[in-house]
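*Asks:* One structure coming up, written as structure tokens, with questions to follow.
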Amino acid sequence: MTPPTVFVAGALGNKPGQAGEAWVKLSWVRGLQAMGMNVRFVEELAGSVDERAASAWFGSVAERFALQHTATLLRDGRAIVGPSFEELTDLAPQAALVNISGHLTLPTLFGAFRRRVMVDIDPGFTQFWYTQGISAANVEGHDAYFTIGELIGTPDCPIPTGGIEWRPVRQPVVLDDWPAVDVGEPDRFTTIASWRGPFGPVEHDGTTYGLKVHEFRRFIELPQRSPHRFEIALDIHPGDRRDLEDLHAHGWLIVDPHKVAGDPFALRDYVQGSDAEFSAAQGMYVKTACGWFSDRTTRYLASGRPALVQDTGFSHLLPVGDGVVAFQTLEEAIEGAADIADRYAEHCEAARRLAEEHFDAGRVLARFCEQAGLS
């Protein structure tokens, strides 16, 4: 029996040097491949992105993960890396599209697929934009809709559905790509972050939903209130110099994100060389309590590294307290760090177990394919 063909679309070349973004798309591609599917990757390059840098990054990642014959980077309807546009359009009528963030919009290709499934990885932003009529949401034209904001559509989540049934899906992690590593020392909490991220705050019905910077500032005293080290591979704009100075003044260790997260395997080494993760979340996710859970955190967990992360409602969906410690206040973060240090080996074992039971790509994507009509 011929395996089904699935195209995964998303931003890779558009974000050169951003290994975290690369791992998001790779997890979908490699997870579906492991299920025996014929998987293609396709991306449209935005007009504002430098073609040379994008092509080099796209080609490098594709080659390192043996995707050079199945991954295509398009610009203006022509292939600039990988198989030709004509090859894609020939395959599309027998294939399904998994469209991460609604990335693929090219009408001649988008409309050719037998089935189109959107996967929203920016919960809240996507739905508010769509409700406000902002075309960048790229929502329309799909046959099924999924979101990592697992609580969207429930009574306590204020994010509008726009009349769409948003089905929950978890961030998949390919466990073979992220093996558990030996237990380290419970002293160094790290994360990889963009201080503001690509989106601005969103206003809806008189409420402003903010960014990670607005949440992280609430926990800036943590290194002074805890005996442990807290380190961020931080992408921060020179205009936020005052915030950077405040982070240093409060004891945060800041490292160059391009050195530790500018390559997929360097990022893996950084995560697995850490003792645990600490991170705040986007204000959007915290204020809406939509259940968002970071793909980065799933990789810490898979590596057997516990995570101390700000609650976005996921504590209603996942067993927390072992492996993952959720916090809402500075005091809870201080107590959580102490608990991870006191029971470190136990937390490390629980972290890997959580990844296996809740984020394993084999489990997550099997359920997704069934619900999306791809199996």
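The values are calculated or read from the model by the stated rules, or taken from the named source; none is laboratory data. Keep in mind the model is a prediction, meaning the values are calculated, not measured. Positions of Cβ are generated from backbone atoms using ideal geometry, with glycine treated the same way; all protein chains shown enter the neighbour counts.
*Asks:* Select, from 333, 338, 326, the only residue that is at pLDDT 95 or above, over 15 Å from the mean Cα position of the chain (by Cα) and either assigned to a strand (DSSP E or B) or not assigned by TED's automatic domain parsing to the domain that holds residue 235 (or both).
*Replies:* Selected residue: 326, the only one of 333, 338, 326 that is at pLDDT 95 or above, over 15 Å from the mean Cα position of the chain (by Cα) and either assigned to a strand (DSSP E or B) or not assigned by TED's automatic domain parsing to the domain that holds residue 235 (or both).
*Asks:* When you scan region 205-213, do you find a residue that is assigned by TED's automatic domain parsing to the domain that holds residue 336, surrounded by 21 or more Cβ atoms within 10 Å (Cβ to Cβ) and closer than 28 Å to residue 232 by Cβ, even just one?
*Replies:* Within region 205-213, the subset assigned by TED's automatic domain parsing to the domain that holds residue 336 is 205-213.
Filter again for surrounded by 21 or more Cβ atoms within 10 Å (Cβ to Cβ), leaving 209, 212.
Okay, now just the ones that are also closer than 28 Å to residue 232 by Cβ, so 209, 212.
So far as region 205-213 goes, yes, one or more of its residues are assigned by TED's automatic domain parsing to the domain that holds residue 336, surrounded by 21 or more Cβ atoms within 10 Å (Cβ to Cβ) and closer than 28 Å to residue 232 by Cβ.
*Asks:* Residues that are of a type outside the set (Ser, Thr, Tyr) and in contact with a strand residue (DSSP E or B) (Cβ under 6 Å, 6 or more places away or on another chain), at least 3 per element: which strands (runs of 3 or more DSSP E) completely within region 127-244 meet that?
*Replies:* 188-194, 229-235
*Asks:* A further question follows. In region 66-102, which residue that is in a loop (DSSP other than H, G, I, E, B) and in contact with a Pro (Cβ under 8 Å, 6 or more places away or on another chain) is surrounded by the fewest Cβ atoms within 10 Å (Cβ to Cβ)? Don't jump to the end; show me each part of the working.
*Replies:* If we filter region 66-102 for residues that are in a loop (DSSP other than H, G, I, E, B), which is where we start, we get 66-70, 76-77, 82-84, 101-102.
Remaining after also requiring in contact with a Pro (Cβ under 8 Å, 6 or more places away or on another chain): 69-70.
On the way: 69: 11, 70: 17.
Restricting to residues being in a loop (DSSP other than H, G, I, E, B) and in contact with a Pro (Cβ under 8 Å, 6 or more places away or on another chain), the top hit is 69.
*Asks:* Also, I was wondering about something else. Taking region 280-295 as the search range and keeping residues that are touching a helix residue (DSSP H, G or I) at 6+ places or on another chain (Cβ under 7 Å) and not in a loop (DSSP other than H, G, I, E, B), which one is surrounded by the fewest Cβ atoms within 10 Å (Cβ to Cβ)? If you could, list the steps in order and put the result at the bottom.
*Replies:* Applying the first criterion (touching a helix residue (DSSP H, G or I) at 6+ places or on another chain (Cβ under 7 Å)) to region 280-295 yields 280-284, 286, 291-293, 295.
If we keep only those that are not in a loop (DSSP other than H, G, I, E, B) too, we end up with 283-284, 286, 295.
Numbers: 283: 22, 284: 28, 286: 22, 295: 18.
Looking at the filtered set, the residue picked out is 295.
*Asks:* Could we say that residue 305 is charged (D, E, K, R), touching a residue at least 40 places away in the same chain (Cβ under 8 Å) and buried (at least 24 other Cβ atoms within 10 Å of the Cβ) here?
*Replies:* Judged against the criteria, residue 305 is a match.
*Asks:* Being out of contact with any Phe, Trp or Tyr (no Cβ under 8 Å at 6 or more places or on another chain) and in a helix (DSSP H, G or I) is the filter; apply it to region 103-126 and report the residue that is nearest to residue 163 (Cα to Cα).
*Replies:* 126
*Asks:* So residue 156 clears everything in (1) among the charged types (D, E, K, R); (2) surrounded by fewer than 18 Cβ atoms within 10 Å (Cβ to Cβ); (3) closer than 19 Å to residue 6 by Cα except one condition, right? Which one?
*Replies:* Only one criterion is unmet by residue 156, namely (3).
*Asks:* Okay, next question. Being of a type in the set (Asp, Glu), surrounded by fewer than 19 Cβ atoms within 10 Å (Cβ to Cβ) and assigned by TED's automatic domain parsing to the domain that holds residue 332: is that true of residue 182 here?
*Replies:* no
*Asks:* In region 35-66, what count of residues is obtained for those that are under 16 Å from residue 19 (Cα atoms) and β-branched (Val, Ile, Thr)?
*Replies:* The number of residues fulfilling the criteria is 1.
*Asks:* Could you please tell me which pairs satisfy a Cβ distance under 6 Å, a separation of 6+ or placement on different chains, a first residue in region 318-339 that is without any contact (Cβ under 8 Å) to a residue 24 or more places away in the chain, and a second residue that is buried (at least 22 other Cβ atoms within 10 Å of the Cβ) and assigned to a helix (DSSP H, G or I)?
*Replies:* From residues that are without any contact (Cβ under 8 Å) to a residue 24 or more places away in the chain, the pairs are 325/336; 327/333; 327/336.
*Asks:* Which residues, taken from region 308-317, are free of Cβ contacts under 8 Å to residues at least 40 places away in the same chain and either in a helix (DSSP H, G or I) or under 12 Å from residue 150 (Cβ atoms) (or both)? Break it down into steps so the answer makes sense when it comes.
*Replies:* We begin by selecting, within region 308-317, every residue free of Cβ contacts under 8 Å to residues at least 40 places away in the same chain; these are 309, 311-312, 315.
Hits for region 308-317 are 312, 315.
*Asks:* A further question on this structure: At pLDDT 95 or above, part of a loop (DSSP other than H, G, I, E, B) and of a type in the set (A, V, I, L, M) - does that describe any residue in region 355-371?
*Replies:* no
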